[in-house]
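Scroll down for the structure; my scribbles are underneath it.
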Amino acid sequence: MGAPHPRSPRPAGGAEAAFLPGPPASGATPGYRAPSCTQGGARRAGIMTDVHRRFLQLLMTHGVLEERGVRRLQKHCYRVHGRTTAVEELEDFINNINSVLESLYIEIKKGATEDDGRPVYALVNLATTPVSKMASDFAENELDLFRKALELIIDSETGFASSTNILNLVDQLKGKKMRKKEAEQVLQKFVQNKWLIEKEGEFTLHSRAILEMEQYIRETYPDAVKTCNICHSLLIQGQSCETCGIRMHLPCVAKYFQSAPEPRCPHCNDYWPHEIPEVFNPDKEREAGTSKANKKPSRSRQH
Amino acid sequence: MLQKPRNRGRPNTQAERERDWARGAAEEAPSTSRGAGGSQEARGTSSQGGRRAEASPEVGPRSQQQLELKVAELVQFLLIKDQKKIPIKRTDIVKHVIGDYKDIFPDLLKLAAERLEYVFGYKLVELEPKSNTYILINTLEPVEEDAEVRGDQGTPTTGLLMIVLGLIFMKGNTIKETEVWDFLRRLGVYPTKKHLVFGDPKKLITEEFVRQRYLEYRRIPHTDPVDYEFQWGPRTNLETSKMKVLKFVAKVHNQDPKDWPAQYCEALADEEARARPETGGPTPSS
């Protein structure tokens, strides 16, 4: 069952040609028909099979998923559909799906946790203001609380906002009036739903939020936003040079200074004064049988 | 790669951002989250060349890009709404997503339905003919091992639902509420007692399942004390079948479906009716 009308492989029309319109409605533009032209150099859209669909369906049940879990999910989907041989390399598998998702303005985005560099994946929206998923799960005042917390986090030096500072803004929230007690619970809800991480009474963004909202954050807070000198992505937690002020993610620091005898700032060459973390090694973790609970206890208060 | 059309009506003020943020609306043009920050891309004019329409979205021709974006929004809206298992009203779709594109609503919906099915394996189906409400049906068969790789709990309440659906069918497609509780009590499920897995079973069965359109719940007139009756709701007929439910009941009793000849015949007839080609399509023609 369930073999939807598969599209024949498209010529290099990429995402555009995959968007197959019906007969033009009256008053529609000539451009309404599937154009034969392409977005210059667009890659050929991949083919979806039930393996890919099941993968997407199940991936969507996770806000964000670690690479280990993604591989497990991929294997599961191949197994269910009776294809245990030739499991495609994860990167190609995901790129294939992403080429199909392109026309829907979503993608499976890969990122890394800011504290220990674990690779993580999330299905993110590229087009709309990216909190629409959040918007359906939370009330207006709850969303506003998140926005307030987000602003505090972005403005902070450490990437963390204290519970006290967030709760003090409760009176300014839009929508139904919220008491501090209630706000505490809402913050916990954000933690449970993987939008925020809590450490010792302070809150920062979960990798899920960073993946989903990077674009929104850059556009909304262009002056306050910090970026990593190495990977150029959004930076919430990290280390900074005391001389010139450039910042780097902890995992980026780890990779950059991996075999450096004397760590020096890539920008001003001054001595790098912070502890250099270890590069994330998934194999090491598997051997030790450790769980996520064994994350490095050190807070990245190294600005 | 994705083009970045400039949205003329782009909300720039904080107030507008907030409004959009809360609504999750897509007033903004797509900008990819790859590479350099969006702030540069946020300003500046489009580099589309001749493809984009210059007119505002309300009048005149719409570009391929705008249409594509509208379909994308619609797909996302349907996916998110269906997660709650509440049927999606056409009026909500028009209000929250379609907006100015009302004139081509049927085409947009058709395109969104195609994408939903091709990409995600979900079929957009009208709950009942002419009801103007929709649900998504999974074209993939769920498998037990799915539960191990899911990120959410799935629905633990499905077991209870299946039992109630089975009861209704075996009792001739309608059953009194009192009979339902007589049966469930034997399984340790009470209308008035909180249940470890199901929480409030009475609320679950008489409200939640009804709201999700799995069950119909009607008052039986002239009964004293008041009694209600249950029947299958429209979603049940779309998502499962008499034969599937009969097989479930048989499995629970460790017997064969044919051991209930009357129900088996009925289930067979239902299978035959389903096998005949449908007369109506899934999306409205209006």
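Observations on the model:
- Within straight-line cross-link reach of A:K176, aspartates and glutamates at Cα separation under 18 Å, skipping those fewer than 8 residues along the same chain: A:D137, A:E140, A:E142, A:D144, A:E184, B:E18
- Centroid-to-centroid separation of the stretch B:116-142 and the stretch A:183-216 [C-alpha atoms, Å]: 33 Å
- Note, ³J(HN,Hα) from phi for the stretch B:132-141, Karplus 6.51, -1.76, 1.60, rounded to Hz, x at Gly and Pro: 6, 10, 10, 9, 9, 10, 7, 7, 8, 6
- In this structure, the amide hydrogen of B:E216, modeled 1.01 Å from its nitrogen in the peptide plane, lies closer than 5 angstrom to those of B:Q231, B:W232, B:G233, counting only residues at least 5 positions away or on a different chain.
- Estimated translational D of the stretch B:64-138 in µm²/s (Stokes, Kirkwood radius over Cα pairs; 20 °C; 1.002 mPa s): 175 µm²/s
- Drop in accessible area of at least 10 Å² in the complex versus isolated chain, residues of the stretch A:215-246, 1.4 Å probe: A:Q215, A:Y216, A:R218, A:E219, A:T220, A:P222
- Accessible surface, per residue, of the stretch B:64-138 when the full set of protein chains is kept, probe 1.4 Å, Å²: 36 Å²
- For the stretch B:145-286: rounded, prolate or oblate by the Cα gyration tensor [a/c cutoff 1.5]: rounded
- Violating pairs (Cα-Cα greater than 32 angstrom) within the set A:K181/A:K255; A:K109/A:K199; A:K174/B:K70; A:K194/B:K203; A:K199/B:K203; B:K85/B:K176: A:K181/A:K255; A:K199/B:K203
- Annotation: aspartates and glutamates with alpha-carbon distance below 20 angstrom to B:K194 (same-chain offsets under eight excluded): B:E177, B:E179, B:D182, B:E207, B:E208.
- Sorting A:96-107, B:197-208, B:258-269 by their mean Cβ neighbour count within 10 Å, with the most densely packed peptide first, gives A:96-107, B:197-208, B:258-269.
- Highest average packing first - A:218-228, B:64-74, Cβ atoms within 10 Å: B:64-74, A:218-228
- Cα-based reach from B:K242 at 18 Å (exclusive), listing lysines while leaving out same-chain residues under 8 positions away: B:K171, B:K251, B:K258
- Value of D in µm² per second that Stokes-Einstein yields for the stretch A:188-242, Kirkwood Rh from Cα pairs, at 10 °C (1.306 mPa s): 130 µm²/s
- Take the stretch B:144-240 with all the other protein chains still there, run a 1.4 Å probe, and you get 57 Å² of accessible area per residue.
- Close amide H contacts of A:Y105 (hydrogens built in the peptide plane, cut-off under 5 Å, sequence separation of 5 or more or a different chain): none are found.
- Carbon + sulfur, % of accessible area of the stretch B:64-138 - ligands and nucleic acids excluded, 1.4 Å: 54 percent
The values are calculated or read from the model by the stated rules, or taken from the named source; none is laboratory data. Keep in mind the model is a prediction, meaning the values are calculated, not measured. Cβ coordinates were reconstructed from backbone atoms using ideal geometry, including for glycine residues, and neighbour counts include every protein chain displayed. Note: accessible area is taken over every heavy atom of the protein model, side chains too, but ligands, DNA and RNA are not part of it. Shrake-Rupley method; radii C 1.70, N 1.55, O 1.52, S 1.80 Å.
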